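Let me begin by presenting the structure, written as structure tokens, before commenting on it.
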Number of protein chains: 2
Amino acid sequence: MKKPVPLKYSYRLISHGPVTLLTTRRRGRPNVCTIAWVTPVDSDIVAVVVSDENYSFRCIRETGEFALNIPGRALLKKVLGCGSVSGEECDKFRRFGLTPIKARKVKAPLIAECIGHLECRLLPGYEKLAREHNLFLARVAAASVECGLFDTQWKIGDPRARTLHHLGGTVFAVPSGRPAR
Amino acid sequence: MKKPVPLKYSYRLISHGPVTLLTTRRRGRPNVCTIAWVTPVDSDIVAVVVSDENYSFRCIRETGEFALNIPGRALLKKVLGCGSVSGEECDKFRRFGLTPIKARKVKAPLIAECIGHLECRLLPGYEKLAREHNLFLARVAAASVECGLFDTQWKIGDPRARTLHHLGGTVFAVPSGRPAR
């Protein structure tokens, strides 16, 4: 079960630097790719880097929308899979056993198996940034999380709330269950 | 002891999303502030968000340079301290017991106690982005790490290589010692 997150806390879904699964829908067809280079820019604005060699780059440019889905540690194999093949020829939802569900504010699907979701619409006026650096600026239109794993921040005492953080190649760090404060 | 990191791997110092200590030097005076919103944009390009309410914002605009220093978990109190007071009136290096050392390519100092360093110069042509969204794009001119903690990626089996990842407020996640792959 998912519940909405107030937009003012939406940046906290990604401020600790987890890898994401970026989803799009172009010409009715859903796609997903693995994206590690993401940061909040404001409480409800994100910056994401998507290589122009990726099919998702074209999907974002054409539709002006995407969703960032945050996988828990259990999805490691799917995260690696979605980062290793192109969605141009392959239905990665089917291939990697991911379930697309309807988003509230964008046409891009959310991924049922993920623990957090940011529904994003491109900010107008930054085409040059996308063209030159593959960098997209987008406003978060809606955010949601798996019930019980996030109040105003991730509850990493629960193993399901532990995310994947890209160290390089196919290797990721995972938060320990004890937050530092 | 620090050693250089080849620029092609420099993005891996931050691709897992650690909080950073951003340093500047303006009119001969070093400053440091805590910055969580950072992402690689290319193997040797970074994007960082620094609020225009921060003294560091002005330092970056005026000097065109900064360094990103990556603190290990042991520096938590200093990270919180550097994020809670302004460097306009206060020498935060002295106040929080941090040691400025000379960088190789920029005038901004590095922080001896940190485990990784990216020396950065602003990319020209993105003044609007800084003005409108507090977002700076910069090229990494040099990168270095504490010896033994990074080869082509962080060796998080060593507790000293475990970084701080901002969950919200004064709470951080810390990677466990077991990478997922």
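Just so it is clear, none of the values below were taken in a lab; they were calculated from the coordinates. As the structure is a prediction and not an experimental result, all values here were calculated from the model. For neighbour counting, all protein chains shown are included, and Cβ atoms are generated from backbone atoms with ideal geometry for every residue, glycine included.
A few remarks follow.
- Distances, shortest first, from the label point of A:Pro124 to those at the same position in the other copies read 3.1 nm; the point lies 7 Å along Cα to C-beta.
- For B:Lys2, a cut-off of 20 angstrom between C-alpha atoms picks up these aspartates and glutamates, skipping any fewer than 8 places away in its own chain: B:Asp44, B:Glu113, B:Glu119, B:Glu146, B:Asp151, B:Asp158.
- Cα-Cα over 18 Å, subset of B:Lys77/B:Lys102; A:Lys128/B:Lys128; A:Lys8/A:Lys78: B:Lys77/B:Lys102; A:Lys8/A:Lys78
- Euclidean distance of C-alpha centroids, segment B:62-88 and segment A:115-181, integer Å: 23
- Relative contact order [Cα under 8 Å, 6+ residues apart], chain A, whole percent: 27
- Here the chain B residue lying nearest the rotation axis onto A, judged by its C-beta and given with the distance in whole angstrom, is B:Gly17, 0.
- Ranked A:Arg178, B:Arg27, criterion: other C-beta atoms within 10 Å, fewest first: B:Arg27, A:Arg178
- Cβ-vector label at 7 Å, A:Gly64, separations to other copies in nm: 3.6
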